[in-house]
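I have placed the structure first, in the form of structure tokens, so that the comments after it can refer back to it.
The values are calculated or read from the model by the stated rules, or taken from the named source; none is laboratory data. Remember, predicted model here, so these are calculated numbers, not experimental data. Please note: Cβ atoms are built from the backbone with ideal geometry, for glycine as well, and neighbour counts cover all protein chains shown. In case anyone asks, the SASA skips ligands and DNA or RNA and just uses the protein heavy atoms, side chains included. Shrake-Rupley method; radii C 1.70, N 1.55, O 1.52, S 1.80 Å.
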Amino acid sequence: MNTPRLEIIEHYCKGCSICVEFCPTNVLEMDGFLAKVIRPEACIGCMQCELRCPDFAIKVHKD
Amino acid sequence: MAFDYDKYLRPGKLPHIWCPGCGHGIVLKGLLRAIDACELEKNRTAIVSGIGCASRLPGYVDFNTLHTAHGRAAAFATGIKMAQPDMNVLVVGGDGDGVAIGGNHFIHACRRNIDMTYVLMNNFIYGMTGGQFSPCTPTGDKASTTPYGNPDPTFDISKLAIGAGATFVARTTAYHATQIDKLIAEGIRHKGMAIIEVLDDCPTTYGRRNKFRSVVDMMKRFKELAVPVAKAATMSKEELDGKIVTGILHREERPEYCEQYAEVIKRAQNL
Ligand SMILES: Cc1ncc(C[n+]2csc(CCOP(=O)(O)OP(=O)(O)O)c2C)c(N)n1
Ligand code: SF4
Ligand code: SF4
Ligand code: SF4
Ligand SMILES: [Mg+2]
């Protein structure tokens, strides 16, 4: 499987850090009040971040 | 594959008004996945709410939507369903809207067993108006109106719904994101009144007053306290104290209200 492509829609992100906390492989980190992808290669495509984000601000593209 | 929420959202409405970490956004997304799984047609679906942060949900979604009076969502929804029994009717709203000011409409909609799906976002507080206690605020907890701790006993919404006659009752939390859509989809498929109680987080007016350092702490608490219904059946009352039993709590078949009413019409016309 190819490594999924992560998309963060910055103007939707409110900086709650839910995605960062529940990512099992520490792909994401907070940069102030914005979620940032810091280790894209570690993403296993589990979708936890996309499912839990209350703000439609993170998408996991597997195509 | 990323889920395509956009096809169900009204264009240009995001970002939504909810606070950072507010669970209402998680419930909204679960609701859209459930609607997608059930293949509900937009024009044949009505989403109805009352007033509150939770009740802002219909403003974001591209269906027939009604944003009504505080506590009256179930009554408006009943009217829609009676006039158009083929319409898929969903109600969304908060604990204050649903079981404080709207408690009477809630229990009677349950009693009638009218075919609709009610997603009740129970964040234990009146979020919109600044955190006054609701009938769902845990005893002892702080709200803007109970700064020394809430002396009141707490409504268990799911038990209330079962007692009042709802024929499908399920509970989950904002942490259990995938269970939200599964339970709502089950509720939509059920013929009769389906109540899905989602224990939800309001970090702004409940969390910070009650020693949660962050919304993540609130999520972790839901994770810790949740006990699936099958496991709960093996536990004692003492072991279950303070826990959140999740899953389908009740399901039965009973005559549905619109069908019963159609019979009344037939009888009256034969006179
Ligand atoms: C008749 C009436 N009474 C009181 C209010 C003020 N009011 C607006 S929202 C609300 C409480 C909403 O709480 P809840 O349904 O739990 O939603 P939340 O904001 O927590 O999501 C109240 C009391 C109102 N709008 N109308
Ligand atoms: S898909 Fe899973 S592994 Fe990838 S960033 Fe999201 S939570 Fe982390
Ligand atoms: S969960 Fe969503 S809103 Fe919260 S920090 Fe992550 S991307 Fe931003
Ligand atoms: S006040 Fe509470 S319920 Fe309302 S949007 Fe903010 S976090 Fe959500
Ligand atoms: Mg509330």
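Provide a list, ordered by number, of residues in the range A:1-34 showing at least 10 Å² less accessible area with every protein chain present than when their chain is taken on its own, using a 1.4 Å probe. Residues passing the criterion (a loss of at least 10 Å², heavy atoms only) are A:HIS11, A:TYR12, A:LYS14, A:CYS16, A:ILE18, A:GLU21, A:PHE22. In this structure, the amide hydrogen of B:CYS136, modeled 1.01 Å from its nitrogen in the peptide plane, lies closer than 5 angstrom to those of B:PHE155, counting only residues at least 5 positions away or on a different chain. In a simple Cβ point-charge model (Lys, Arg +1; Asp, Glu -1; nothing else charged), the range B:109-202 has a dipole of about 320 debye relative to its Cα centre. For B:ASN123, the amide hydrogen comes within under 5 Å of the amide hydrogens of B:ASP95, B:ASP200, counting only partners 5 or more places away or on other chains and with H modelled in the peptide plane. For the range B:9-107, the share of DSSP beta bridges that are antiparallel, to the nearest 5, is 10%. Annotation for the B:A interface, with buried accessible surface near 2100 Å², both sides summed [1.4 Å probe; non-protein components not counted].
The charge dipole of chain B, taken about its Cα centre with unit charges on the Cβ of Lys, Arg, Asp and Glu (plus for the first two, minus for the last two), comes to roughly 300 debye. Of all DSSP-defined beta bridges confined to the range B:18-269, some 20% are antiparallel rather than parallel. Each of B:MET82, B:GLN269, B:PRO153 was scored by the projection of its Cα onto the charge dipole of chain B, and the greatest displacement toward the positive side belongs to B:PRO153; charges sit on the C-beta of Lys, Arg, Asp and Glu. Across the range B:18-269, Cα pairs under 8 Å and at least six residues apart give a relative contact order of 19 percent. Qualifying chymotrypsin sites (Phe, Trp or Tyr not before Pro) in the range B:98-166, where qualification requires a DSSP coil assignment and no more than 16 other C-beta atoms within 10 Å, comprise B:TYR148.
In sequence order, the range B:144-155 has phi-based couplings of 4, 9, 10, x, 9, x, 6, x, 7, x, 10, 6 Hz under the Karplus curve 6.51 cos²θ - 1.76 cosθ + 1.60, θ = phi - 60°, and Gly or Pro positions carry x. With 40 Å² as the minimum drop in accessible area between chain alone and full protein complex (1.4 Å probe), the qualifying residues in the range B:1-43 are B:MET1, B:ALA2, B:LEU14, B:PRO15, B:HIS16, B:PRO20, B:ILE26, B:LYS29. Amide H contacts for B:ASP141 (H built 1.01 Å from N in the peptide plane; partners 5 or more residues away or on another chain; cut-off under 5 Å): B:ASN150. With Cα atoms defining each centre, chain A and the range B:236-257 are spaced 34 Å apart in the structure. Computed over protein heavy atoms with a 1.4 Å probe, the accessible surface of the protein assembly as shown works out to 45 Å² per residue.
Springs join every pair of Cα atoms under 10 Å in this Gaussian network model of chain B, and among B:ASP241, B:ASP152, B:ASP36 the largest mean-square fluctuation is at B:ASP241.
Of the accessible area of chain B, computed with a 1.4 Å probe over protein heavy atoms only, carbon and sulfur atoms account for 53 percent.
If only the Cβ of Lys and Arg carry +1 and only the Cβ of Asp and Glu carry -1, the dipole of the protein assembly as shown around its Cα centre is close to 300 debye. Counted over the protein assembly as shown, the DSSP beta bridges are approximately 35% antiparallel. Any idea which of B:ILE101, B:ASN210, B:GLY52 is furthest toward the positive side of the dipole for chain B, if Lys and Arg beta-carbons carry +1 and Asp and Glu beta-carbons -1? Of the listed residues, the answer is B:ASN210.
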